[in-house]
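K.L.:
Structure provided below as structure tokens; questions to follow.
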Amino acid sequence: MNSPERNLVQQALAFLGSLWLTVILLGLSIILVFIGTLAQVGSGIWTVMDQFFRCWFVKIGGVIPVYPGGRLLGAALLVNLLISHSARIKVQARGPRLLVGLAILAVGTALTWFVISHVSDYDSTQRTIDPSLRILVQIIQGLGPAAVLFVGCWLLFRRKAGIVLLHAGVVILMLSELYTSVQAEEGQMTVFEGQRINYVEDNRSAELAIIDASDPEKDDVVVVPQKKLEKGGSIRLEGLPFDVEVAPDQFYKNADLAPARGGDANPATQGAGLRIKAQNRAENSGVDTSSRVDLPAAYVTFKDRGSNASLGTWLTSVRYTIEKGAQTLRAGGKDYRIALRFKRTYKPYGVYLYQFKFDRYTGTDTPKDYSSNVRIDDPERNIVRDVRIWMNNPLRYRRDTLYQSSFDAETEKGTVLQVVTNGGWMAPYAGLGQVFVGLVGQFLLHLFGFLRKQLP
Amino acid sequence: MRLMRFAPGLAVLLALSAGCGRNDEVRRYQAPKDPMWRMIGAIAPAKDATWFFKVTGSNDRVGAHKNEALDFLRGLRVEDGEVRWTLPAGWREEKGGPARIASFLFGDRDPKLEMTVVRLPGDGGGLTSNVNRWRDQIGLEKIGDAEVAASIQKLAANGFELQVVDLVGPTRPAGGPRGGMARPAPEPPRSSEPSLDGVRSMFTFERPPGWRENPQPEKQRVFEFDAEGALVTFTIMGGEGGGLAANIDRWRTQAGLEPLGEQAVARSATPIRFVGAEGWLVEAIGKDRAILGVISLNSQFSMFLKMDGPPSAVVAQRDTFTRVAQSLQMRGRNE
């Protein structure tokens, strides 16, 4: 590499690692948070998350990029942080001290990795930790590896050990959010007493399910995700003798159902749509305190793949599916059940609800505790266990966390469990442990340095 | 090699720029069958009345206890025109709720299965309408007389015969949503209808479990409920609404009964407190249709709370309806 090119690269890296860039990126982030918050007046929180934060660019009309998205700003901040530290922090150790420092750092890193990747697989159906000590144990699990890392950093970086460690903690926090945004799944499991459920539903997103239930043992299911339905057009249904088509203006993110009256233009030619029609509603916004969910609806036309002849247009709606169930489509001498429903994810285990309990303070309607007595059964692992899930005491099983979230207010005989699948849920504990130990360690290093100077 | 120092930062930049996204493609997979619900219902005719026995629960659980339930039904007997029973070991009788004669709890673990007993006058609305009411509750299509007759099983008790149906369907009976699906929160009325919202917020009343509110009632209706097979509506109209007798006769005609003219109030209405004022409870039970209603008239406006549906459904909800009528209050209105 010749000298001018080398200078150019160095200048670029100096810019990428500069404090100016940090300030600019933080400023842009503050503006992004502000406009993202304003956008929640008219859009649902998850739409805003997708359009402003969990994306590379904020786009006008979903096409023209006009502002850096949360993912781009986060990535730039991360690169800025790593490059500035690479340039400014120098290893202060030589010889045996360097080797011992690196070894301890390696042990600390391995411990951190173990905590993030293995503790998250903790199976709380065995209740090895007393519930009252659960948070304390998790904090210790975050602080322990951080303390080891601090010793390694101190041997290598001396007076800057705390700064290095706390920034490493910040890096873990940022990567953890990125991992969560890409990998974590969240949904709800609604179980009534005496019922076993083995799937979760994500009420932030819908899917069109076409079900061949002719096999008495299993259903053959083809699902079309909401994003594909929103785009509209013809969608190929692999394995089925027909395809589905959605007109661009016939998918509603949130819709009511109303009686279809004679004289109204009605796209539906089959099924429930002959009696009811969809009415567009505004999305429930992120600032709405009632936490209502959007109930999408769509008019879908099924077309025979061979002849391209229409098999009919159905009104499909999540609300209809919840209240009345699936509709029937007959094609090729076979019945298929069709339903627009909340996106489902099946679990390798089932949750059976023995009893839901809603305790109130005596003589009042003030809630005291919500709890669910459930049985977890896992045919793959040959496990059957009775467990209790109650407020602030989730069940952790197979990297899923099942929280007591809500209940069926009408009967008080059904529980709603929030099921979060996030393999990296321990990462914030590890990251914050490093930030905490880094800050305290840096303070103590300065304090001891100061005291040493004061001593005669 | 100063440049090597920047390697970690560049590595992360490369890793991130590779990008990532969730799978938004059409998928095909094999899934276990959705959980189903089951209902075993038995209809027992006795003198002047019909008795209904019903057990509901998850399909496998009710299936496991079906023989136990049928054995109990076989042991029923009629004494003095009333159906009597002997509780098997392990069964517990609980006092029935409104409109229920009794409830029995049984089964091998908590929560126990519950068998409810309801007694309705006459034929209780007939076999087909009751079987169809049950089919609707469990999410099955309604069927005709011949199919109903083919679907029932005759069970011999002590000196009389029971008609038993065993239904499996996708909907949880007694008001629950289908399978494991989360119930949507009731939607507020659209912004183009602020007046309805305003009127609704003026009233408070007891909302019985099992009654499902239609968030978008038809015009002039303040509330609309599906009361386990019967339609309950609350309507307010300006003026006197045509007078009490005329309204009673209108309902009687709708139920297929003779109008009573001037005798209407005296013969088919009883006074009741309603929204803090005087009201009239009216009963018009026809052969195929029954109407139960409360009317309150004054010179400025008239209020109608009405339950309309098949006789079996309306009679079964009679006590609940009366309780709701008595609980209906206007905010800030003193008795």
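The values are calculated or read from the model by the stated rules, or taken from the named source; none is laboratory data. Quantities reported herein were computed from a predicted structural model and do not represent experimental measurements. Counting neighbours? That spans all protein chains shown, and the Cβs are built from the backbone with ideal geometry, glycine included.
K.L.:
Which one of these is in a loop (DSSP other than H, G, I, E, B) and more than 30 Å from A:PRO241 (Cβ to Cβ): A:GLY363, A:GLY350?
P.N.:
A:GLY363
K.L.:
Name the residues in segment A:388-439 that are closer than 22 Å to B:GLY57 by Cα and of a type in the set (A, V, I, L, M), would you?
P.N.:
Once the filter is applied, which keeps residues that are closer than 22 Å to B:GLY57 by Cα and of a type in the set (A, V, I, L, M), segment A:388-439 yields A:ALA409, A:VAL416, A:LEU417.
K.L.:
While we're on this one: Conditions first: (1) among the small types (Gly, Ala, Ser); (2) closer than 19 Å to A:GLU177 by Cα; (3) without any contact (Cβ under 8 Å) to a residue 60 or more places away in the chain. A:GLY108 passes all but one, so which condition is the exception?
P.N.:
Every listed condition holds for A:GLY108 apart from (2).
K.L.:
Working carefully through the options A:VAL48, A:VAL58, A:VAL66, find the one that is in contact with a helix residue (DSSP H, G or I) (Cβ under 6 Å, 6 or more places away or on another chain), in a strand (DSSP E or B) and either within 13 Å of chain B (Cβ to nearest Cβ) or not hydroxyl-bearing (Ser, Thr, Tyr) (or both).
P.N.:
Answer to the selection: A:VAL58.
K.L.:
Related question: Answer with yes or no whether A:THR345 is over 34 Å from the mean Cα position of the chain (by Cα) and farther than 16 Å from A:LEU237 by Cβ.
P.N.:
no
K.L.:
Are there any pairs with C-beta distances below 9 angstrom linking a residue in segment A:362-378 that is assigned by TED's automatic domain parsing to the domain that holds A:LEU395 to a residue that is surrounded by 15 or more Cβ atoms within 10 Å (Cβ to Cβ) and part of a loop (DSSP other than H, G, I, E, B), with the two at least 6 apart or on different chains, and if so which?
P.N.:
A:ASP378/A:ARG398
K.L.:
Follow-up question, since we're still on this one. For the condition in contact (Cβ under 8 Å) with a residue 24 or more places away in the chain and either touching a strand residue (DSSP E or B) at 6+ places or on another chain (Cβ under 7 Å) or not in a strand (DSSP E or B) (or both), what is the one hit in A:ASP220, A:ASP202?
P.N.:
Going through A:ASP220, A:ASP202 in turn, the sole match is A:ASP202.
K.L.:
Anything in segment A:238-254 that is within 18 Å of A:ALA209 (Cβ to Cβ) and of a type in the set (A, V, I, L, M)? List them, or say none.
P.N.:
Once the filter is applied, which keeps residues that are within 18 Å of A:ALA209 (Cβ to Cβ) and of a type in the set (A, V, I, L, M), segment A:238-254 yields A:LEU240, A:VAL244, A:VAL246.
K.L.:
Among (1) within 20 Å of the chain's Cα centre (by Cα); (2) part of a helix (DSSP H, G or I); (3) surrounded by 14 or more Cβ atoms within 10 Å (Cβ to Cβ), there is one condition A:THR37 misses while meeting the rest; what is its number?
P.N.:
The failed condition is (3).
K.L.:
Looking only at segment B:250-273, which residues are within 14 Å of B:PHE304 (Cβ to Cβ) and surrounded by 20 or more Cβ atoms within 10 Å (Cβ to Cβ)?
P.N.:
Answer for segment B:250-273, where residues must be within 14 Å of B:PHE304 (Cβ to Cβ) and surrounded by 20 or more Cβ atoms within 10 Å (Cβ to Cβ): B:TRP251, B:ALA269.
K.L.:
If you don't mind, another one. Of the residues B:MET330, B:MET237, which is more than 27 Å from B:GLY126 (Cβ to Cβ), in contact with a Ser or Thr (Cβ under 7 Å, 6 or more places away or on another chain) and surrounded by fewer than 17 Cβ atoms within 10 Å (Cβ to Cβ)?
P.N.:
Matching residue, one of B:MET330, B:MET237: B:MET237.
K.L.:
Further question: Residues to consider are B:ARG178, B:ARG183, B:ARG250; find the one that is outside the structural domain of B:LEU140 (by TED's automatic domain parsing), modelled with pLDDT of 80 or more and charged (D, E, K, R).
P.N.:
B:ARG250
K.L.:
While we're on this one: Criterion first (in a helix (DSSP H, G or I) and modelled with pLDDT under 90) does A:ALA265 satisfy it?
P.N.:
No; evaluated as a whole, the condition is false for this residue.
K.L.:
Out of all the residues in segment A:1-29, which are modelled with pLDDT under 90, away from chain B (no Cβ under 13 Å) and in a helix (DSSP H, G or I)?
P.N.:
Those that are modelled with pLDDT under 90, away from chain B (no Cβ under 13 Å) and in a helix (DSSP H, G or I): A:SER3, A:PRO4.
K.L.:
Considering only residues of segment A:147-206 that are closer than 30 Å to B:ALA64 by Cβ and aliphatic (A, V, I, L, M), which is nearest to the chain's Cα centre (by Cα)?
P.N.:
If we take residues in segment A:147-206 being closer than 30 Å to B:ALA64 by Cβ and aliphatic (A, V, I, L, M), then A:VAL200 is nearest to the chain's Cα centre (by Cα).
K.L.:
Of the residues that sit in segment A:174-232 and are β-branched (Val, Ile, Thr) and within 7 Å of chain B (Cβ to nearest Cβ), which one is farthest from B:ASP24 (Cα to Cα)?
P.N.:
Here the answer is A:VAL191.
A quick yes/no check of all residues on (1) outside the structural domain of A:LEU329 (by TED's automatic domain parsing); (2) modelled with pLDDT of 90 or more:
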position	(1), (2)
A:PHE192	yes, no
A:LEU208	no, yes
A:ASP212	no, yes
A:PRO216	no, no
A:VAL223	no, yes
A:LYS228	no, yes
A:GLY232	no, no
A:ARG236	no, yes
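K.L.:
For segment B:296-305, which positions are modelled with pLDDT under 90, in contact with a Gly (Cβ under 7 Å, 6 or more places away or on another chain) and either crowded, with 23+ Cβ neighbours inside 10 Å or not in a strand (DSSP E or B) (or both)?
P.N.:
Of everything in segment B:296-305, just one residue is modelled with pLDDT under 90, in contact with a Gly (Cβ under 7 Å, 6 or more places away or on another chain) and either crowded, with 23+ Cβ neighbours inside 10 Å or not in a strand (DSSP E or B) (or both), namely B:SER296.
K.L.:
Against the condition outside any helix (DSSP H, G or I) and assigned by TED's automatic domain parsing to the domain that holds A:ARG158, how does A:ILE129 come out, does it pass?
P.N.:
Against the criterion (outside any helix (DSSP H, G or I) and assigned by TED's automatic domain parsing to the domain that holds A:ARG158), A:ILE129 qualifies.
K.L.:
Which residue pairs have Cβ atoms under 6 Å apart, sit 6 or more places apart or on different chains, and have a first residue in segment B:43-59 that is in contact (Cβ under 8 Å) with a residue 60 or more places away in the chain and a second that is among the polar types (S, T, N, Q) and surrounded by fewer than 21 Cβ atoms within 10 Å (Cβ to Cβ)?
P.N.:
Every condition considered, the pairs that remain are B:ILE43/B:GLN163; B:LYS54/B:THR116.
K.L.:
Considering only residues of segment B:60-82 that are within 15 Å of B:VAL165 (Cβ to Cβ) and not hydrophobic (A, V, I, L, M, F, W, C), which is farthest from the other protein chains (Cβ to nearest Cβ)?
P.N.:
The residue in question is B:LYS66.
Conditions tested, residue by residue: (1) crowded, with 16+ Cβ neighbours inside 10 Å; (2) within 14 Å of chain B (Cβ to nearest Cβ); (3) not in a helix (DSSP H, G or I).
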| site | (1), (2), (3) |
| --- | --- |
| A:ARG388 | yes, yes, yes |
| A:LEU402 | yes, yes, yes |
| A:SER405 | yes, yes, yes |
| A:VAL419 | yes, yes, yes |
| A:LEU445 | yes, no, no |
| A:GLY449 | no, no, no |
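K.L.:
Turning to a different aspect of this structure: Has segment A:264-271 got any residue that is assigned by TED's automatic domain parsing to the domain that holds A:VAL318, more than 20 Å from A:ASP304 (Cα to Cα) and out of contact with any helix residue (DSSP H, G or I) (no Cβ under 8 Å at 6 or more places or on another chain)?
P.N.:
yes
K.L.:
Within segment B:22-46, can you find the residues that are closer than 29 Å to A:GLN195 by Cα, among the aliphatic types (A, V, I, L, M) and within 7 Å of another protein chain (Cβ to nearest Cβ)?
P.N.:
Listed by number, the list holds a single entry, B:ALA31.
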